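Contents: one structure, followed by commentary.
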């Protein structure tokens with residue numbers, strides 16, 4: 001039996017917990033003899049996230065404050081650069097393999113840190129940087145999602161969340177989950193737009209008032225429901241890296257609303273992403289131009305431009321999907337380390 005401790009400190013982002021839970025689900029699916037102790041600091045959120053993941057509902061949860069009550073397992077996954085307690089881990093006469101996950105990066109220098117390794121007494125530490133860059137092997141490709149017809153899945157969502165509108169009757173569905181500043185700039189277009197057979201579904205703003213009969217505010221969906229929902233939309237406007245990756249895995253025309261930081265650090269993140277796309281295929285430069293304009297200049301115009309011209313980029317998204325599935329399955333790299 002391979003025993004692994006997960007250390008997940010949730011500071012201000014529940015997606016950190018989702019990433020760890022999703023990895024646990026993948027490991028339980030493919031590894032026959034595995035046992036994970038899950039240390040975190042929001043048990044209610046943890047229980048909500050695992051209640052529909054049937055293969056891990058028995059996973060043992062512990063509060064982070066209880067770590068020192070237990071002897072550590074010989075494998076530890078330490079998520080998102082949580083500070084390593086060397087005094088505690090060095091006090092045991094066992095050899096420990098610790099994988100230290102960082103945050104998502106596309107910087108050209110990621111390879112200098114990714115998979116770097118050092119030893120601190122009895123602890124062998126390896127840094128693992130989530131990324132789409134080929135040599136980093138990032139993303140969580142969870143193949144356990146059930147696939148339905150579009151009408152079946154959207155009908156299921158309608159009944160589960162008691163929606164008062166039949167979202168499965170439209171031909172084209174546009175999902176919109178963006179930051180408030182972005183939404184403020186596109187809301188007039190959404191309210192005034194009468195694109196035939198198109199519905200706008202807006203996530204994350206339950207108190208939003210809309211004036212378009214083809215635009216609706218969606219309730220808060222459980223994370224897995226939201227991510228699987230992206231599969232059945234025609235166009236996705238997303239925020240956060242996990243939403244971006246899931247939409248790309250589903251081969252959907254996607255625009256990423258990158259969080260705008262006060263120190264303008266997001267500008268480097270945008271160019272990192274655009275440079276990555278050019279490495280995949282130089283023909284992606286038209287999409288790059290649109291992505292840059294949408295994030296850094298006139299949001300309204302490029303929002304409407306993408307709605308009108310998204311089919312022009314379908315080949316790019318197909319190519320990107322092929323690249324991700326071929327090069328970026330995190331489980332394959334984790335399995336190498338575990339073996």
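The values are calculated or read from the model by the stated rules, or taken from the named source; none is laboratory data. In this text, all values refer to a predicted model and were calculated from it rather than measured experimentally. Here Cβ is always computed from backbone atoms with ideal geometry, including for glycine, and neighbour counts include all displayed protein chains.
Residue by residue through segment 111-140, note down the ones that are buried (at least 19 other Cβ atoms within 10 Å of the Cβ) and within 27 Å of residue 247 (Cβ to Cβ).
Correct list: 114, 128, 129, 130, 131, 132, 133, 136, 137, 138, 139, 140.
Any residue in segment 7-16 that is assigned by TED's automatic domain parsing to the domain that holds residue 97, over 14 Å from residue 101 (Cβ atoms) and in a strand (DSSP E or B)?
Among the residues of segment 7-16, not one is assigned by TED's automatic domain parsing to the domain that holds residue 97, over 14 Å from residue 101 (Cβ atoms) and in a strand (DSSP E or B), which makes the answer no.
May I ask you to list pairs of residues, at least six apart or on different chains, whose Cβ atoms are under 6 Å apart, with the first in segment 298-312 being under 15 Å from residue 200 (Cβ atoms) and the second being outside any helix (DSSP H, G or I)?
Here the result reads 306/255; 310/235; 310/253, each pair linking segment 298-312 to a residue that is outside any helix (DSSP H, G or I).
Any residue that is buried (at least 18 other Cβ atoms within 10 Å of the Cβ), over 22 Å from the mean Cα position of the chain (by Cα) and farther than 28 Å from residue 160 by Cβ - is there at least one of those in segment 28-35?
Residues of segment 28-35 that are buried (at least 18 other Cβ atoms within 10 Å of the Cβ), as a first pass: 28.
Within this subset, residues satisfying the condition of being over 22 Å from the mean Cα position of the chain (by Cα) are none.
So far as segment 28-35 goes, no, none of its residues is buried (at least 18 other Cβ atoms within 10 Å of the Cβ), over 22 Å from the mean Cα position of the chain (by Cα) and farther than 28 Å from residue 160 by Cβ.
Here's the yes/no breakdown for (1) at pLDDT 90 or above; (2) within 22 Å of residue 216 (Cα to Cα); (3) in contact with a strand residue (DSSP E or B) (Cβ under 9 Å, 6 or more places away or on another chain):
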| position | (1), (2), (3) |
| --- | --- |
| 103 | no, no, no |
| 130 | no, no, yes |
| 139 | no, no, no |
| 155 | no, yes, no |
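Search segment 63-89 for residues that are without any contact (Cβ under 8 Å) to a residue 24 or more places away in the chain and pair each with any residue that is assigned to a loop (DSSP other than H, G, I, E, B) and surrounded by 16 or more Cβ atoms within 10 Å (Cβ to Cβ) when their beta-carbon atoms are under 8 Å apart and the residues are at least 6 apart or on different chains.
81/102; 88/72
Report yes if residue 270 is closer than 23 Å to residue 103 by Cα, touching a helix residue (DSSP H, G or I) at 6+ places or on another chain (Cβ under 7 Å) and surrounded by 19 or more Cβ atoms within 10 Å (Cβ to Cβ), otherwise no.
Details: closer than 23 Å to residue 103 by Cα: yes; touching a helix residue (DSSP H, G or I) at 6+ places or on another chain (Cβ under 7 Å): yes; surrounded by 19 or more Cβ atoms within 10 Å (Cβ to Cβ): yes.
Here the answer is yes, as residue 270 does meet what is asked.
Has segment 322-337 got at least one residue that is within 20 Å of residue 104 (Cα to Cα), in contact with a helix residue (DSSP H, G or I) (Cβ under 7 Å, 6 or more places away or on another chain) and outside any helix (DSSP H, G or I)?
The answer is no, given that none of the residues of segment 322-337 is within 20 Å of residue 104 (Cα to Cα), in contact with a helix residue (DSSP H, G or I) (Cβ under 7 Å, 6 or more places away or on another chain) and outside any helix (DSSP H, G or I).
Look at residue 45 and say whether it is buried (at least 18 other Cβ atoms within 10 Å of the Cβ) and either farther than 30 Å from residue 268 by Cα or touching a residue at least 24 places away in the same chain (Cβ under 8 Å) (or both).
Values: buried (at least 18 other Cβ atoms within 10 Å of the Cβ): no; either farther than 30 Å from residue 268 by Cα or touching a residue at least 24 places away in the same chain (Cβ under 8 Å) (or both): yes.
When the stated conditions are applied, residue 45 does not pass them.
Select from segment 91-100 the residues that are under 19 Å from residue 130 (Cα atoms) and in contact with a helix residue (DSSP H, G or I) (Cβ under 8 Å, 6 or more places away or on another chain) and list them in ascending order.
97, 98, 99
Tell me yes or no: at least one residue of segment 248-257 is assigned to a helix (DSSP H, G or I) and either touching a strand residue (DSSP E or B) at 6+ places or on another chain (Cβ under 6 Å) or under 21 Å from residue 306 (Cα atoms) (or both).
Yes, the conditions are met somewhere in segment 248-257.
Of the numbered conditions (1) crowded, with 16+ Cβ neighbours inside 10 Å; (2) closer than 20 Å to residue 2 by Cα; (3) touching a strand residue (DSSP E or B) at 6+ places or on another chain (Cβ under 7 Å), residue 84 satisfies every one except a single condition; which is it?
In the conditions (1) crowded, with 16+ Cβ neighbours inside 10 Å; (2) closer than 20 Å to residue 2 by Cα; (3) touching a strand residue (DSSP E or B) at 6+ places or on another chain (Cβ under 7 Å), residue 84 misses (2) alone.
This table checks each residue for (1) touching a helix residue (DSSP H, G or I) at 6+ places or on another chain (Cβ under 9 Å); (2) in the same structural domain as residue 267 (by TED's automatic domain parsing); (3) surrounded by 13 or more Cβ atoms within 10 Å (Cβ to Cβ); (4) at pLDDT 90 or above.
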position	(1), (2), (3), (4)
282	no, yes, no, no
288	yes, yes, yes, yes
292	yes, yes, yes, yes
297	no, yes, no, no
314	no, yes, no, no
317	yes, yes, yes, yes
320	yes, yes, yes, no
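Looking at the structure I just gave you, is residue 171 at pLDDT 90 or above and on the phi < 0 side of the Ramachandran plot?
No.
Looking at segment 261-292, which of its residues are in contact (Cβ under 8 Å) with a residue 60 or more places away in the chain and over 18 Å from the mean Cα position of the chain (by Cα)?
268, 275
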